[in-house]
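Enquirer: Quick one: the structure is below, and I'll ask about it shortly.
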Amino acid sequence: MILKRRSPPCWYIDERRRGCDRLPQNGFSVALCACYRLPMGTGLTENGLVKRNGAKRRRIVAVDMFCGAGGLAYGLSSAGLKVAAGVDMDPRCRFPIEQNCRAKFIEMDVAKVTGADLRKWFGKADVRVLAGCAPCQPFSTYSQSRKSPDPRWELLTSFQRLAIDTLPEIVTMENVAGLKSRKVWEDFVESLKGAGYEVSWGEVACTDYGVPQKRKRLVLLASRLGPITLPAPTHAKIFVSVADAIGSLPRIAAGEQAVADPLHAASSLSATNMKRIRASRPGGTWRDWPAGLRAACHQRATGATYPAVYGRMEWRKPSPTITTQCYGYGSGRFGHPEQDRAISLREAAILQSFPPTYRFVEADDQISFRGLGILIGNAVPPKLAEAIGHTIREHVEAMTV
């Protein structure tokens, strides 16, 4: 591989692939960096300004609704978009969004955000991008038994209201794949088309974009500038494995925390669960255990349909979907491939494609497995968001030449 540096920002040209990798300043594994082509004559700065062949620079500014820990905002900014603000009603999101994404955090219920608020946050942008991932629990496979509409569905309607009120040039939404079968999604798409947007949407596999995790997501891109397509896969023929992502992290035991990185902490295991994980093999199930170690729920017919619970991950494959309870050994296939413990919070974040130095809490804050599990598990994978950001930037360049 031939690497050449251009600054700013850090673009590394791979002559063999005729593409380019942006290697983050923290030295994140090149295996997790996507390869994107840049049009000839294109210039890019870190403030969301793009130009081509001497044309006027276009300032692309995004506002991230339901920003959470900043996965979407971080990915968009990594692609060269300026993220002006992140909006969320959870105060725990302030530190990560401001520390890692250099965006202003707005602690506010999106349902109460007005068009005037949004126009103020966009400022004097040439191209405005309204981005977001409405809370996905109402649409996930874990909530399919719900018979009445979840009130959180209204948050997607609030996002729709803001898009129609302000008519930003670009709208992007990421959510769980199950949303596509709901009428609220159909109404959302039709409202954008009725407002003059060209809309593309579909289900994507996060592994196709360098995320070391089996995660299916619904992605929408809508533009008032012209036809727009979904991001082309960057890792369609070679995925990033668990070993690629977390294989080099320091060893820790269950209940321990790494001195150099407080987020590299693993939850404790009971004596019974320690016996269970020692009886587990990578990719195996609880059916591999001696009968005496099987939980009562495994004896019931309903328990037989969840063989991955209490399972270990496999080194040479992507991880399973990282959830808000990914730190718990009994919550899914969240056992470390070889160490007798569940994955750490840092490992979970890296499997979501956050860089290893991403800061979720201040240095002196107490580590909360439940609180950080929610922030990490609910995040948009930054590598998927980065691919979306590159698609937006290249679309704007093509439409404004």
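Every number here is computed from the coordinates shown, using simple stated rules; none is lab data. Treat the numbers as computed from the prediction; the structure is a model and nothing was measured. Positions of Cβ are generated from backbone atoms using ideal geometry, with glycine treated the same way; all protein chains shown enter the neighbour counts.
Enquirer: Could you calculate the FRET efficiency of ALA258 with SER200 from 1/(1 + (r/R0)^6), where r is the beta carbon distance between them and R0 is 51 Å, rounded to 0.05?
Expert: Numbers: r = 42 Å, r/R0 = 0.83.
FRET efficiency, ALA258 to SER200: 0.75.
Enquirer: Using modelled amide H (1.01 Å from N, peptide plane; none on Pro or chain starts), what sits under 5 Å from the amide H of VAL83, excluding residues fewer than 5 places away?
Expert: ALA62
Enquirer: Then there's this: List, in the order given, every pair from LYS317/LYS383; LYS112/LYS180; LYS124/LYS180; LYS183/LYS317; LYS124/LYS193; LYS216/LYS275 whose Cα-Cα distance in the structure shown is over 29 Å.
Expert: LYS124/LYS180; LYS183/LYS317; LYS216/LYS275
Enquirer: May I pose another question? Quick check: net charge around TRP289, other residues with Cβ under 9 Å of its Cβ, Lys/Arg +1 and Asp/Glu -1?
Expert: It works out to a net charge of +3.
Enquirer: Could you pull out every residue, at least 5 positions away or on a different chain, whose amide H is within less than 5 Å of the one on ILE106? Hs are placed 1.01 Å off N in the peptide plane, and Pro or chain starts have none.
Expert: Those lying under 5 Å, H to H, from ILE106 are GLY86, VAL87, ASP88.
Enquirer: Please list 3J(HN,Hα) in residue order for segment 112-126, calculated via the Karplus relation 6.51 cos²θ - 1.76 cosθ + 1.60 where θ = phi - 60°; whole Hz, with x for glycine and proline.
Expert: Result, rounded to whole Hz: 9, 6, 9, x, 5, 4, 5, 4, 5, 5, 5, x, 9, 5, 6.
Enquirer: Ranked highest first by the average count of other Cβ atoms within 10 Å around their residues, in what order do 318-331, 269-282 fall?
Expert: Ranking the peptides 318-331, 269-282 by packing returns 318-331, 269-282.
Enquirer: Subtract the Cα-Cα distance of ASP90 and ARG359 from 0.36 nm times their separation in residues, and report this length gain in nm to one decimal. Could the numbers behind the result be given before it?
Expert: Working: separation 269, 0.36 × 269 = 96.84 nm, distance 1.65 nm.
That works out to 95.2 nm of additional length.
Enquirer: How many nm is it between the label spots at GLU107 and LYS124, if each spot is 7 Å from the Cα in line with the beta carbon?
Expert: For the pair GLU107/LYS124, the computed spacing is 3.1 nm.
Enquirer: In sequence order, what are the phi-derived ³J(HN,Hα) couplings for segment 71-81 according to the Karplus relation 6.51 cos²θ - 1.76 cosθ + 1.60 with θ = phi - 60°, rounded to whole Hz, with x for glycine and proline?
Expert: x, 5, 4, 5, x, 5, 5, 5, 8, x, 7
Enquirer: Among 63-74, 355-366, how do they line up from the highest to the lowest mean number of other beta-carbon atoms within 10 Å?
Expert: Peptide ranking by packing, descending: 63-74, 355-366.
Enquirer: Output the Cα-based Rg and Dmax of segment 310-401 in Å, rounding Rg to one decimal and Dmax to a whole number.
Expert: Both quantities, over Cα of segment 310-401: 16.3, 56 Å.
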